[in-house]
Amino acid sequence: MNIYESAEDYLEAILILRERQGAVRSIDVVRQLELTKPSVSVAMKRFRENGYIEMDGDGFITLLPPGEEIAQRIYGRHKLLTRFLVLLGVSEETAAADACKMEHDLSEETYTRIKEHAAKHGVALDKLND
């Protein structure tokens with residue numbers, strides 16, 4: 001499934017916000033991603049049109065299955081890569097920033113090898129996904 005990195009960031013932000021606070025509105029995405037209201041509004045319209053999200057009459061956003069799948073995949077990568085980098089000795093802040101860059105561009109092959117390496121060296125994958 002090909003989707004732009006910025007779109008992945010939006011969907012991931014919606015997922016993170018939902019986990020943190022339950023309900024999500026566009027203004028929450030604006031604050032989370034530090035973007036303008038008009039740019040988020042345009043993105044949300046495109047996501048609705050493409051079947052990634054739906055919005056109710058009160059403006060609350062729900063991820064639909066295609067959007068949920070993308071958000072879960074990207075956020076899962078982010079969490080695993082952050083944890084892995086921290087285990088290598090990288091500071092939490094730098095690890096999270098680097099993971100954000102890596103999560104989009106890392107090939108599936110490399111990502112799989114990182115998970116295998118962690119498992120081979122006794123790092124439980126469920127611990128990496130915390």
- prompt: In segment 1-54, what residues are touching a strand residue (DSSP E or B) at 6+ places or on another chain (Cβ under 9 Å) and part of a loop (DSSP other than H, G, I, E, B)?
  reply: Ala23, Val24, Tyr52
query: Which one is nearest to the chain's Cα centre (by Cα), of the residues in segment 4-27 that are farther than 16 Å from Lys45 by Cβ and without any contact (Cβ under 8 Å) to a residue 12 or more places away in the chain?
result: Glu19
- prompt: Assuming Gly59 fulfils every condition listed in (1) among the small types (Gly, Ala, Ser); (2) closer than 15 Å to Ala7 by Cα; (3) touching a residue at least 24 places away in the same chain (Cβ under 8 Å) apart from one, which condition is it?
  reply: (2)
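Read-outs: derived from the displayed coordinates by stated rules, not from any lab. Just so it is clear, the model here is predicted, and its values are computed rather than measured. Positions of Cβ are generated from backbone atoms using ideal geometry, with glycine treated the same way; all protein chains shown enter the neighbour counts.
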